Amino acid sequence: MISTTRPRRRTVLMAGVISIAVLFSVYLCLLIWAKPMFEYRTVYGIYQVWSDRPISPAIRPVLDDVTRRLKTSAVHDASVPVEIYICNAPWRMWLYGMKFSTRYGGVADVWLTRHVIIRAADIAANRVVSPWPYPIPDEQHRPLSYFIAHEITHVDLSRRFGRTMVARYPEWLMEGYPDYVGKGGDFDFDANRAKFLAGAPELSRATSSLYLGYHLRVAYLLDKKHWTLDRIFAKPPSDVELDSWLRSGR
C-alpha cells in the first residue's frame with residue numbers, strides 16, 4: 001500500500017504558500033496604486049493630496065505652513081512632487097500605514113512608494129484627529145502641518161541617504177531630524193535641555209511617545225555645535241556620547 005499522506009501535505013503546504021504570495025501581491029498593488037482607492041484629490045504646488053473624504057479649501061494654508069516648515073530642511077527639494085494620502089477611515093490607515101494599527105499621526109513609506117500617509121484630519125482646524133478620547137500628546141506644537149512636514153522629511157532623507165537608512169542609522173537621528181524640520185523652529189532648546197537634565201518623562205521616547213529627546217540631540221549638533229547634516233550622517237555620535245555632551249554643555 002502506497003501512502004498518500006506526504007503528497008497531500010506537500011499539496012496543502014504549496015497551496016498555503018501560493019495563497020500567501022497572492023495576498024502579498026494584492027497588498028503591494030494596493031500600496032503602489034493607491035489613487036483609485038481615494039475618491040477626492042487636490043493639487044497645490046508640489047503637493048498632490050488624496051483623501052477618502054472631501055478636501056477642505058483650508059488645505060492650502062495648511063500646505064503653505066508645511067512649506068514654511070520644510071524651509072528648515074537641508075534635504076528638501078521643492079521641485080519634487082509629494083503624494084499625500086489622508087486616511088479618515090480607520091481601515092485605510094491600518095492598511096496603507098503598513099503598521100497594522102491606527103494609533104499614530106502619520107507614516108512615510110520610504111521603502112517602496114515614498115507616499116506620505118496621514119491619519120484622519122480636521123483640515124480647517126489644522127489638526128489630526130486623535131485616536132484616543134483625549135488630545136494627542138503635545139498637540140499645540142504638532143498640528144496637521146507638522147505631521148505632513150515630518151513625514152515628507154522621512155521621504156527626503158530616504159532620497160539622500162537611501163531606502164535602507166532605517167536599518168543603518170540610529171532612531172534618534174531618523175526621528176529627531178524629521179521632528180526638527182516638522183517643528184519649523186518651534187522648539188525652545190534651553191527649556192528642553194533643562195527638562196532633559198531634570199529627567200522629565202516627556203524627553204523620553206519610551207515614556208512619552210514624543211521625539212523631544214531626539215529633537216534635542218539633533219538641535220544640539222546642528223545649532224550649538226554647527227555640524228552639517230551630512231557630517232552627522234557620516235558618523236552619528238552614540239547615544240551615550242550625545243547625552244554626555246548635553247549634560248556637560250560642551
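Value of Rg to Rh for region 1-76, rounded to two decimals, is 1.40; Kirkwood radius and Rg both from alpha-carbon coordinates. Taking DSSP loops as anything outside H, G, I, E and B, show the longest stretch in the chain free of chymotrypsin sites (Phe, Trp or Tyr not before Pro) there with at most 11 other beta carbons within 10 Å. Longest gap between qualifying sites, sites excluded: 101-250. Think of region 173-250 as having a plus end and a minus end, set by charges on the Cβ of Lys, Arg, Asp and Glu; of Gly249, Met174, Phe189, Gly249 sits farthest toward the positive end of this dipole.
What separates the Cα centres of region 180-240 and region 60-87 is a distance of 22 Å. Convex hull volume of the C-alpha atoms in region 1-146, normalised per residue: 153 Å³. The GluC sites (Glu not before Pro) of region 157-230 include none that meets both conditions, a loop assignment by DSSP and at most 12 other Cβ atoms within 10 Å of the site Cβ.
Placing unit charges on the Cβ atoms only, positive for Lys and Arg and negative for Asp and Glu, gives region 40-248 a dipole magnitude near 300 debye about its Cα centre.
So what's the net charge close to Val66: Lys and Arg +1, Asp and Glu -1, counting the other residues with Cβ under 15 Å from its Cβ?
-1
Among the listed pairs Lys99/Lys225; Lys99/Lys195; Lys195/Lys224; Lys183/Lys224; Lys99/Lys235; Lys183/Lys235, give every one whose C-alpha distance is greater than 27 Å.
Violating the 27 Å limit, Cα to Cα: Lys99/Lys225; Lys99/Lys195; Lys99/Lys235.
Entry note, the chain: the mean residue ellipticity at 222 nm calculated from DSSP H runs of n ≥ 4, each adding -39500 (n - 2.57), is -14500 deg cm²/dmol after division by the residues and rounding to the nearest 500. Shape of region 110-250 from its Cα gyration tensor (a ≥ b ≥ c, root eigenvalues): rounded if a/c is under 1.5, otherwise prolate when a/b > b/c, or oblate? It comes out oblate by the Cα gyration axes. You can think of it this way: the chain between Val22 and Ser208 has 63.1 nm of extra reach, that is 0.36 nm per residue less the Cα-Cα gap. Percentage of Cα-Cα pair distances in the chain greater than 25 Å, rounded to whole percent? Of all Cα-Cα pairs in the chain, 49 percent lie more than 25 Å apart.
Bear in mind that the values in this text are calculations on the coordinates, not laboratory data. Nothing here was measured: the structure is a model prediction, and the numbers come from that model. Please note: Cβ atoms are built from the backbone with ideal geometry, for glycine as well, and neighbour counts cover all protein chains shown.
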